[in-house]
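What follows is a set of notes on a single structure, which appears directly below.
Read-outs throughout are calculated quantities, based only on the coordinates presented, and are distinct from any laboratory measurement. The shown structure was predicted, so the numbers you read here are calculated from the model rather than taken from an experiment. FYI the Cβ positions are ideal-geometry reconstructions off the backbone, even for glycines, and counts take in every protein chain you see.
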Amino acid sequence: MGSGFAISFADIEAAAQTIEGHVLKTPLMSAPRLSALTGADIFVKHENMQATASFKERGAVNKLRSLTDDEKRRGVIAMSAGNHAQAVAYHAKRFGIPATIVMPETTPLVKIENTRAYGAQIVLFGETLYESAQKAREIAAEKSLVFVHPYDDAAVMAGQGTVALEMLREAPDLDMLLIPLGGGGLMAGNAIAAKALKPSIELIGIEAALFPSFHNAVHGTQMPIGGATLAEGIAVKTVGTQTLPVIKELVSDIVLVGEDLIERAVNAYATLQHTLAEGAGAAGLAAMLKEPERYRGRKVGLVLCGGNIDPRLLAAIMVRELEREQRIAAFRLTASDRPGLLGKVASLFGTLGANILEVSHGRLFLDVPAKGVTLDVTVETRDEAHTAAIEEALRKEGFAPRRIYPRGLAEPGG
């Protein structure tokens, strides 16, 4: 293994002792339903069970415990889109260290409020982490605060490396680890730990397709970076200078995952593994959904690195997934406007075994005859085949059904 890295395996072992008793040794759990979905033998490291719901506590504690008494008295400052912020704020409060956190103005409200609740002073600045970092460095210089970088810091990297340390000591027969890649702190620390414990293990980093920062840095590509991603925890434009050499040497591949796959993975964690994953936390599973044949029959360790997802966003994702699976379907029916029509339609859906979620009665559409009426009916069905059977039955009853998709109305016959 390459020398000249910012940290060594010994640093990670030391970090494990430093953080013991301050962070949870999270469970590594078999995931039979996710395994059935992908064909691999999946084990999930539930870092979403930490006090602030992410792995970031490991690096934060290791860094805070390394400070001198004078540095603790002056206080710390960090920039973060959320999970690092919460981890630093929570443990700084436990250790009696004043903390200031600079967050991008686009940070989800749930993460801002959680961080504030831990007693940190919050500064909202800039659109991106890069702008927040500039501001944090200015304040650090002005007030003589210790800057706690979310990933480009040796103590932080060593703390994060304790994840793989725990995984491989518990399950030494894992073939591969799939780890989300933002600035690279989690992957760099874990790559060093994993390769020291099991040199044959395969390490795969996962980036959101909108933020291919490491892909560009490692492969020399110029793919565009930026956009609204569900995985804001790994939406990093600038890779770490200390993490990049580790990832170049030890990581065998960097996989880019699109937003649809991240949504599917978040939903799969919620419905199949009964656990909360934020977009970044689900990135590893998203990569497996992208190319299941690559992992079939392998023993795969996934790091569910964070569970801080906005409840409204999770609800929207779950409903969208039902629509994708055609377990929620909307139809526009056209008929003559006569008494008892609504009752007849409701009765028909009941007979067909569909649950009506919403009905809208319209008489003013210009493409409907003056004596006609349209009914937009949204129903819950068992699956795609059931939805198709319902559509056919509606057609036979003379309702000329047209499917309404989230993106608009289907053309007749389309």
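Expressed in nm to one decimal, what extension gain is obtained for the pair A228 and E397 from 0.36 nm per residue of sequence separation less their Cα-Cα distance?
56.4 nm
Please give the length that would be gained between D69 and E291 if that part of the chain were fully extended, namely 0.36 nm times their separation in residues minus their C-alpha to C-alpha distance (nm, one decimal).
In short, 74.9 nm is gained.
Go through 177-184, 375-382 and give me the packing order, highest mean Cβ count within 10 Å leading.
177-184, 375-382
Which of these, N48, N216, N355, has the largest mean-square fluctuation under a Gaussian network model of the chain (Cα springs below 10 Å)?
N355
Just for the Cα atoms in segment 166-260, what are the lengths along the principal axes, largest first, rounded to whole Å?
Cα extents, longest axis first: 38, 27, 16 Å.
Cα atoms only, segment 56-154: Rg and Dmax in Å?
Spelled out, the Cα radius of gyration and Dmax of segment 56-154 are 11.9, 35 Å.
Straight-line reach from K396: which lysines fall under 30 Å, measuring Cα to Cα and dropping same-chain residues less than 8 apart?
Within the straight-line limit of under 30 Å, K396 reaches these lysines: K344, K371.
Taking amide H positions as placed in the peptide plane 1.01 Å from N, state which residues far from F147 in sequence (5 or more) or on other chains have amide H under 5 Å from it.
I77
Exceeding 31 Å between C-alpha atoms, which entries from my cross-link table qualify? They are K93/K248; K143/K237; K135/K195.
K93/K248; K135/K195
Over the chain, what lengths in whole Å, largest first, do the semi-axes of the equivalent ellipsoid take, defined as the square roots of 5 times the eigenvalues of the alpha-carbon gyration tensor?
They are 48, 24, 18 Å, listed from largest to smallest.
Across segment 164-176, in residue order, what do the Karplus-derived ³J(HN,Hα) couplings come to in whole Hz, using 6.51 cos²θ - 1.76 cosθ + 1.60 with θ = phi - 60° and x for Gly and Pro?
Karplus values, whole Hz, x for Gly and Pro: 5, 4, 5, 4, 7, 6, 8, 9, x, 8, 4, 8, 8.
Normalise the Cα radius of gyration of segment 1-134 by 2.2 N^0.38 Å (N = residues in it) and let me know the number.
1.21
If you add up the charges near D153, with Lys and Arg at +1 and Asp and Glu at -1, over every other residue whose beta carbon is less than 14 angstrom from its beta carbon, what do you get?
Result for the neighbourhood of D153: +2.
If you place +1 on the Cβ of every Lys and Arg, -1 on the Cβ of every Asp and Glu, and leave all else neutral, what size is the dipole of segment 94-246 about its Cα centre, to the nearest 20 Debye?
Using Cβ point charges on Lys, Arg, Asp and Glu, segment 94-246 gives about 300 debye.
Using the Karplus curve 6.51 cos²θ - 1.76 cosθ + 1.60 with θ = phi - 60°, work out ³J(HN,Hα) for each residue of segment 245-262 in order, rounded to whole Hz, and write x for Gly and Pro.
x, 5, 5, 4, 8, 9, 8, 7, 7, 10, 9, 9, 10, x, 5, 5, 5, 5
For F125, enumerate residues with amide H under 5 Å from its amide H, sequence gap 5+ or separate chain, H modeled in the peptide plane.
Close amide H contacts, sequence-distant or interchain: M103, E105.
For the chain, give me the percentage of DSSP beta bridges that are antiparallel, rounded to the nearest 5 percent.
45 percent
Using alpha carbons only, how many angstrom separate the centre of segment 131-156 from the centre of segment 299-346?
Each part reduced to its Cα centre gives a spacing of 43 Å.
How big is the dipole moment of the chain about its Cα centre under a simple scheme where the beta carbon of each Lys and Arg is +1, that of each Asp and Glu is -1, and everything else is neutral? Debye, nearest 20, please.
It comes to approximately 540 debye.
Quick one: if you stick a label point 7 Å off each Cα along the C-beta vector at S144 and E249, how many nm between them?
3.8 nm
Using the Karplus curve 6.51 cos²θ - 1.76 cosθ + 1.60 with θ = phi - 60°, work out ³J(HN,Hα) for each residue of segment 35-45 in order, rounded to whole Hz, and write x for Gly and Pro.
For segment 35-45, the Karplus curve yields 4, 5, 5, 10, x, 9, 9, 9, 10, 10, 8 Hz.
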